[in-house]
Amino acid sequence: MKNLLSPRREVDEFRPRLRAMVVAVFVAFALLLGRLVQLQVLESDHWSARARGNVMRTIELRSTRGIIRDRLGNTVATNRPAFNVYITPAYVDIDRDLGRLASWLGLTDEQVTAVKQRLQDATDERAFRQYLVLEDITRDQLATLETHRRELRGVDVVSVPVRQYPYGTLAAHSVGYLNEVSAEELDRLREQGYRAGDSVGRSGIERSWEAYLRGRRGFQKVYVDSSGMSRRDRVPGMPPAERMRREPVPGRDLVLTLDMGLERIVERAFRGHPVGAAVVLEARSGRVLALFSKPAYDPNLVSTGLDREQARELLDNPFRPLIDRTVYEHYPPGSTWKVFTALAALGDSVIDPSVSYECEQRYEFGRRIFRCSHDHDEVDMSSALVQSCNIYFYQISQLVGMDRLARYAVDMGFGRRSGVGIATEASGFVPTRSWYLQRDGAFRLGATLSAAIGQGNVRATLLQLGLAYASIVNGGTLYVPQLVQRVEAPDGTVLEEFPPRVRRRIRVAPQHLDFIRRTLAGVLTDPNGTAHDALIAGAVSMGGKTGTAQVPQQRMPRDDPRRAWFYNRPHAWFAAYAPVEDPEIVVVVLVEHGGDGGRFAAPIATQIINEYLGPRRSDPTEPQEAQPSRAPRPTGAPSGAQRSH
Amino acid sequence: MATVLGQRVREAFDWPLFVTTCAIAVVGVVNLYSATSAAPGPAIADLYIQQIYWLALGASLAVLAAAVDYRHYERFGYVAFGIGLAALMLVFLLGRNIRGSQRWIPIGSFSFQPSEFMKILLVIALAKYLHNDPRTEGRTLKDLVVPGAIVAVPIVLILRQPDLGTASILAFIFASIMLMTRLKLRSLLTIAVVFAASVPLTWRYLLHDYQKRRFESFLDPCGERVLSGGWHACQSLVAVGSGTWIGKGFLQGTQNQHGFLPDQHSDFPFAVWAEEHGFFGSMALIALYLFLVLWALKIAASAKDRFGAVLSVGMGAIFFWHAFINIGMVTGLLPVVGVTLPLFSYGGSSVVTVLLAIGLLMNVSMRRYVFQ
């Protein structure tokens, strides 16, 4: 704008620099505009997402884990609320409240020091993170904290569901336990929907049925303001909050084939024996009625997290309570194995069962001398089984042969996992000629002698033995063991029912199976029977086979030498069924390092059978008194000679 | 006389300046309403009403400021400046400490921020100085000593409050005005070198910890340090960026309505605006400020004397630096310092100062043809 009246004004001096200023102002505002283009146009998606994330908070809705019941509806695993105490360092008044809190919660001085340290270390953002002080406080502690809630700033009690196992150690290995997913696992499990703080089944049914039990978490999105408070249900341009909800799906309930009453009976029958295991099966379905492994751990403790002392106690226990002796561990089956040697001989008509052999308590084979427990005199197959004569089976083992025995054993389920589907199941072991050739480069015929009486390299689990005996007494059907009978919704509707699953028909003629079944009754009834002492007068008829399995002689270097004798004692076995005619159940009992099978294992089995089946047989109004255990306490070290009966 | 005056006012009235000012003020109140609508409690929710009162007061003062021929102000320039300095010192005696700094003098139920008015007083003082020193040859460093001293005193006082934002605004206003005059290239370079060298020293000795934290988190506001200093800047970026093209709509900005924007009514009203009205709205608002600044420069160019020209450039500088620094900080181009956005931010002293500046601009603009 030119001023005509004043061609040379004093302001003209500024003109060039004013022009430069105009340019500078344009540049500056162009800079702002460019920045707005960047933020609002180019990066708008990023910032919009952040804005949405700001106002939307996802509240996870926990699902409840399915409840596990036994076949009669007794609760085996359920959930209960636990109350955990958290502290938010930023809000808590250490000097004023920590002392009171410690006395209410019964914290030790050590714990108080640790808490103090944590509170002082928590700076910046960490000061606002809740920190767990004590898990699972008692009702009294909860009540105290609730009373003083208003005075205790920064102290929160949070309720979380905790798994509860009302039966404690009973059937603990089969049911299993849970614990929290670790940070490393989370990387892997995140896509399956696990979050920090979630529990996951670690063993037993809790682990293998995790997918059924777990359920699916739900969520609810809420709109919040900067203080994290839920503000309103609707936010312009975003979906209404109630539509952003997914209901949690509760876990499925499981009904087991186990009978906890029977587990109790088994537990009682094992009194006085520190280590052992038992399996009880339905003979005609393969359903597992009881799995018992002693010693056991308390899944209630393991699930909530053991303290150091409890953990050491579990891990250092020489009887290894964490081991499931029914399926995870396998053992030399000893004389319970003779039944399969006999069936192999009968099945291929290797010998006539009426043919007798002379037992002179010793059997010379090559340069070795194999021994028998007694001088049995003349024994045929039937009396050899009843009296458990080793010599007889040494004799016929040469006719049966290693590989034929192996074939029959594998056919009856040995050497392979039974498919019970819990934990890590052992497969046992059935040696063959080629295995020895591969291992030793040579096959010694002596191995066959050992194999015929369930020694040497033969290994079997209790469950395998139970299933094989069931197949013998039920007429030849080998079942897949079954632990879960059905799956139910929380309201009780049956979602899935599992019928018994046949694994195969074993290739043994029914008359041979009948012969074995009848013969084994004599083990108890025959005065010379190895388990005759365990016979309970007037009890349910039953049959069975004893076993006294030699264990490899071992030194226990770190162990008390006075206890070494214990570890060199043979395992006591008894594999039984009842009743003899039309058998319903099969019971396999193992007393680890228990000694003589007939003296130590058989009474346990007869007691179990009698207590379980006895009341059902007699008049229900007059229940039969349970017989006390007649199992004598193990005394003295047995001689080291290889004996089996 | 009255009719002559009325006619002259009608002919010379600077409509573009008036309309632009009104537009920003109206939009500012509307935006303030949104910025405070979600706030808890009535103390903040009614701020837009108070802002209207302040606008009315400011407008009245602006009319007075425009009515008296500005050349009269030249006479009282230094006196007024001295009073301003006295008020700044009074702050330390009477001031209330609010969030770690002492900037306000309480007067009844209101409080008055002398540092705001100091901006105008500084411009008047500098204008008087340059008016009385009509040199056209290049100035050397020695020639900058007196004006430098004029600005240094209030800057030191304000830094002690502490109020880095206002102090730097004063420095920028001073620089803008001195750049109007012809400076020797060597002097300019010397200043630049000294300035560059002083940056690390300032960092080391003059800045407070909270100020340093803000600078540090400025580079990546939403990064790791978001909770220790970057929070304001980050949430502001989220608000602006999520506005996209057309914004979320009036009263519907989630960042604002859900309380994620800090100081949404004082330091960050532009974030509220950008979130709710998007890129187009932001652009329009920026255009208004751009026009205001350019118009001030135009008034300076057509002013009839040096005093009027310097006065206008000074007022333009006030608008420019406030708008640029505020929007720059809201959009993450600049670190967060408490600099208000003229007529957009809530604040009595700020509103009155800005409107006084507008009044002075109007004064110069209306008297460009009038001769003594």
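The values are calculated or read from the model by the stated rules, or taken from the named source; none is laboratory data. Computed from a prediction, not measured in an experiment: that's the story for all the values here. For neighbour counting, all protein chains shown are included, and Cβ atoms are generated from backbone atoms with ideal geometry for every residue, glycine included.
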> Does residue B:354 qualify as being β-branched (Val, Ile, Thr) and either touching a strand residue (DSSP E or B) at 6+ places or on another chain (Cβ under 7 Å) or not in a loop (DSSP other than H, G, I, E, B) (or both)?
Replying inline: yes
>> Filter region B:251-272 down to the residues that are within 10 Å of another protein chain (Cβ to nearest Cβ) and part of a loop (DSSP other than H, G, I, E, B) and list them by number.
In response: B:251, B:252, B:253, B:258, B:259, B:260, B:261, B:262
>> If I filter region B:241-258 down to residues being surrounded by 24 or more Cβ atoms within 10 Å (Cβ to Cβ) and in contact (Cβ under 8 Å) with a residue 40 or more places away in the chain, which single residue comes out as farthest from residue B:281 (Cα to Cα)?
In response: B:257
> residue A:107 passes all but one of (1) assigned to a loop (DSSP other than H, G, I, E, B); (2) under 20 Å from residue A:165 (Cβ atoms); which number fails?
Replying inline: (2)
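Scanning region A:50-83 for residues that are more than 19 Å from the chain's Cα centre (by Cα) and of a type in the set (A, V, I, L, M, F, W, C), which turns out farthest from residue A:301 (Cα to Cα)?
At the first step, the residues of region A:50-83 found to be more than 19 Å from the chain's Cα centre (by Cα) are A:50-64, A:72-73, A:80-83.
Then drop every residue that is not of a type in the set (A, V, I, L, M, F, W, C), which leaves A:51, A:55-56, A:59, A:61, A:72, A:82-83.
Details: A:51: 45, A:55: 41, A:56: 38, A:59: 29, A:61: 26, A:72: 25, A:82: 13, A:83: 16 Å.
Looking at residues that are more than 19 Å from the chain's Cα centre (by Cα) and of a type in the set (A, V, I, L, M, F, W, C), I get A:51.
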> Can you find even one residue in region A:121-132 that is in a strand (DSSP E or B), surrounded by 13 or more Cβ atoms within 10 Å (Cβ to Cβ) and touching a residue at least 24 places away in the same chain (Cβ under 8 Å)?
Replying inline: yes
>> Against the definition (within 18 Å of residue A:344 (Cα to Cα) and touching a Phe, Trp or Tyr at 6+ places or on another chain (Cβ under 8 Å)), how does residue A:442 come out, yes or no?
In response: no
> Looking at (1) surrounded by fewer than 24 Cβ atoms within 10 Å (Cβ to Cβ); (2) at positive phi, which is the one condition that is false for residue B:334?
Replying inline: (2)
> Where in region A:403-510 are there helices (runs of 4 or more DSSP H), lying fully within it, with 1 or more residues that are within 26 Å of the chain's Cα centre (by Cα) and closer than 15 Å to residue A:336 by Cβ?
Replying inline: A:462-473
>> Here's a check for you: in region A:238-260, which residue that is assigned to a loop (DSSP other than H, G, I, E, B), among the hydrophobic types (A, V, I, L, M, F, W, C) and touching a helix residue (DSSP H, G or I) at 6+ places or on another chain (Cβ under 9 Å) is farthest from residue A:482 (Cα to Cα)?
In response: A:238
>> Testing residue B:127 on (1) part of a loop (DSSP other than H, G, I, E, B); (2) within 24 Å of residue B:184 (Cβ to Cβ), one condition comes back false. Which one is that?
In response: (1)
> From the residues in region B:151-187 that are touching a residue at least 40 places away in the same chain (Cβ under 8 Å) and β-branched (Val, Ile, Thr), which one is surrounded by the fewest Cβ atoms within 10 Å (Cβ to Cβ)?
Replying inline: B:153
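Out of all the residues in region B:163-181, is one or more part of a loop (DSSP other than H, G, I, E, B), at pLDDT below 90 and within 14 Å of chain A (Cβ to nearest Cβ)? Give the derivation first.
So in region B:163-181, the residues part of a loop (DSSP other than H, G, I, E, B) come out as B:163, B:181.
Subsequent filtering for residues that are at pLDDT below 90 retains B:163, B:181.
When the remaining residues are screened for being within 14 Å of chain A (Cβ to nearest Cβ), the result is B:181.
Yes.
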>> Being within 7 Å of another protein chain (Cβ to nearest Cβ) and in contact with an Asp or Glu (Cβ under 8 Å, 6 or more places away or on another chain) is the requirement here; does residue A:41 meet it?
In response: no
> So which of A:184, A:146 ends up being closer than 21 Å to residue A:101 by Cα, among the acidic types (Asp, Glu), more than 21 Å from the chain's Cα centre (by Cα) and surrounded by fewer than 17 Cβ atoms within 10 Å (Cβ to Cβ)?
Replying inline: A:146
> Inside region A:32-89, can you point out the residues that are in a strand (DSSP E or B) and closer than 29 Å to residue B:260 by Cβ?
Replying inline: A:56, A:57, A:58, A:59, A:60, A:61, A:86, A:87
>> If a residue must be modelled with pLDDT under 80 and more than 30 Å from residue B:256 (Cα to Cα), how many such residues does region B:1-49 contain?
In response: 11
>> For region B:273-291, give me each residue that is in contact (Cβ under 8 Å) with a residue 40 or more places away in the chain, over 18 Å from the mean Cα position of the chain (by Cα) and more than 8 Å from chain A (Cβ to nearest Cβ).
In response: B:273, B:276
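Specify which of the listed residues (A:322, A:315) is in contact with a helix residue (DSSP H, G or I) (Cβ under 8 Å, 6 or more places away or on another chain) and of a type in the set (A, V, I, L, M). Can you show your working first?
Values: A:315 fails: in contact with a helix residue (DSSP H, G or I) (Cβ under 8 Å, 6 or more places away or on another chain).
Criteria check complete, one pass: A:322.
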> Pairs, please: C-beta under 7 Å, at least 6 apart or cross-chain, first residue within 20 Å of residue B:354 (Cα to Cα) and in region B:318-339, second in a helix (DSSP H, G or I) and among the basic types (Lys, Arg)?
Replying inline: B:318/B:119
>> So residue B:342 passes all but one of these: (1) more than 10 Å from chain A (Cβ to nearest Cβ); (2) within 28 Å of residue B:129 (Cβ to Cβ); (3) surrounded by fewer than 24 Cβ atoms within 10 Å (Cβ to Cβ). Which condition number does it fail?
In response: (3)
>> Being more than 8 Å from chain A (Cβ to nearest Cβ), buried (at least 23 other Cβ atoms within 10 Å of the Cβ) and assigned to a helix (DSSP H, G or I) narrows it down to one residue among B:300, B:317; which is it?
In response: B:317
